[in-house]
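To keep things clear, I will list the structure first and then write my remarks on it.
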Amino acid sequence: MLWTEDYHIHTKRCKHATGEPEAYVEQAIRLGLKEIAFTDHIPLPNGFDRAHRMDLNELDDYVNDVLNLQKRYSEIRIRLGIEADFIDGFESFLQKTLTDYPFEIIILSVHFLAHWPKGQWVFKYDFPDKTIYEIYSEYLQAVKRGIEMGLFNVLGHLDLIKRPGASLLKHNEAEVRDVLMAAKAKNMAVEINTSGLRKAIGETYPHLSFLPLIAEYGIAVTLGSDAHAPHQVGFEFEKVAKEVRKVKGLKRAMF
Ligand SMILES: [Zn+2]
Ligand SMILES: [Zn+2]
């Protein structure tokens with residue numbers, strides 16, 4: 001294994017992942033991973049997007065499940081993490097929830113913006129009256145506001161908003177640089193999320209062309225499979241780790 005940590009793994013509490021948490025751990029051990037982080041979707045206030053995440057009253061159980069797994073498996077290090085959506089208006093909720101628990105890996109993810117119609121996700125939202133530049137700009141600015149809260153240590157799937165053939169680096173390089181600079185200032189790592197390789201887009205998030213830029217800012221990277229099923233743990237890590245290793249000066253994040 002060229003890369004031994006998978007820092008982005010879900011559990012069935014999010015209602016769209018399958019398999020027992022033990023099956024994810026055992027798959028990671030089989031692959032030779034040394035560390036994994038469970039980073040399930042954070043619950044949000046007022047049942048927001050409750051179809052894709054645990055309820056707030058399950059958060060204690062989620063945390064306890066992961067802490068118990070840590071005790072049960074000595075052959076792999078299991079980190080307690082969370083994938084936390086930044087959404088304007090939920091700042092005080094995030095501030096409280098993310099500091100109330102001993103999370104080690106806190107992934108900043110933007111899946112939707114506060115002013116988008118209900119139920120619209122970044123993957124499918126159609127913006128007929130906006131240019132690609134405007135869409136990407138709105139997205140990157142939300143990411144930056146999230147970073148500036150200072151609550152997160154990993155920047156998740158940075159270019160999740162991308163449309164096929166329309167790189168954020170091509171359309172909004174200055175804003176991508178702003179985001180990276182902000183992430184560096186908060187000592188965050190950037191995640192290379194391999195889930196895009198099993199979707200229609202067929203690329204990592206962010207695209208591998210971001211790697212030299214990430215290195216240029218002295219930012220370290222994590223790999224995350226975003227596994228929603230046990231067999232997805234470590235998904236395409238060999239292939240992606242090879243590319244990461246080719247980039248001079250690019251560091252692996254340590255937590
Ligand atoms: Zn998910
Ligand atoms: Zn995820």
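The values are calculated or read from the model by the stated rules, or taken from the named source; none is laboratory data. Just so you know, these numbers come straight off a predicted model, no measurement behind them. Quick reminder, even Gly has a Cβ in these numbers, built from the backbone with ideal geometry, and neighbours come from all protein chains shown. Please note that ligands, DNA and RNA were not included when accessible areas were found on the heavy atoms of the full protein model with its side chains. Shrake-Rupley method; radii C 1.70, N 1.55, O 1.52, S 1.80 Å.
I need the helices (runs of 4 or more DSSP H) fully contained in the range 159-255, keeping only those with at least 2 residues that are touching a residue at least 60 places away in the same chain (Cβ under 8 Å) and over 30 Å from R13 (Cβ atoms).
Per the criteria, 237-246.
Exactly one of (1) crowded, with 17+ Cβ neighbours inside 10 Å; (2) more than 16 Å from ligand 1 (Cβ to nearest atom) is unmet by V122. Its number?
Answer for V122: the failing condition is (2).
I'm trying to understand the selection: among the residues of the range 51-69, which are more than 16 Å from ligand 2 (Cβ to nearest atom) and either over 20 Å from the mean Cα position of the chain (by Cα) or more than 28 Å from A253 (Cβ to Cβ) (or both)?
D55, L56, N57, E58, D60, D61, N64, D65, L67, N68, L69
Within the range 11-51, how many residues turn out to be open to solvent by 60 Å² or more (accessible area, probe 1.4 Å) and within 16 Å of ligand 1 (Cβ to nearest atom)?
Selection size over the range 11-51: 7.
Condition check ((1) of a type in the set (D, E, K, R); (2) within 21 Å of D85 (Cβ to Cβ); (3) in contact with a helix residue (DSSP H, G or I) (Cβ under 9 Å, 6 or more places away or on another chain); (4) open to solvent by 10 Å² or more (accessible area, probe 1.4 Å)) across all residues:
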site: D126; (1), (2), (3), (4): yes, yes, no, yes
site: Y139; (1), (2), (3), (4): no, yes, yes, no
site: K144; (1), (2), (3), (4): yes, yes, yes, yes
site: D159; (1), (2), (3), (4): yes, yes, yes, no
site: H171; (1), (2), (3), (4): no, no, yes, yes
site: R177; (1), (2), (3), (4): yes, no, yes, yes
site: K199; (1), (2), (3), (4): yes, yes, no, yes
site: S209; (1), (2), (3), (4): no, no, yes, yes
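So, in the range 85-119, of the ones that are among the aliphatic types (A, V, I, L, M) and not in a loop (DSSP other than H, G, I, E, B), which residue ends up surrounded by the most Cβ atoms within 10 Å (Cβ to Cβ)?
The initial filter retains those residues of the range 85-119 that are among the aliphatic types (A, V, I, L, M), namely 87, 94, 98, 105-108, 110, 113-114.
Then drop every residue that is not not in a loop (DSSP other than H, G, I, E, B), which leaves 94, 98, 105-108.
Numbers: L94: 22, L98: 16, I105: 27, I106: 23, I107: 29, L108: 25.
Ranking the qualifying residues of the range 85-119, first place goes to I107.
Does the range 211-253 hold any residues that are of a type in the set (S, T, N, Q), touching a helix residue (DSSP H, G or I) at 6+ places or on another chain (Cβ under 9 Å) and open to solvent by less than 10 Å² (accessible area, probe 1.4 Å), and which are they?
S225
Given the structure, is H8 within 15 Å of ligand 1 (Cβ to nearest atom) and exposed (fewer than 15 other Cβ atoms within 10 Å of the Cβ)?
Values: within 15 Å of ligand 1 (Cβ to nearest atom): yes; exposed (fewer than 15 other Cβ atoms within 10 Å of the Cβ): no.
So H8 does not fit the description; no.
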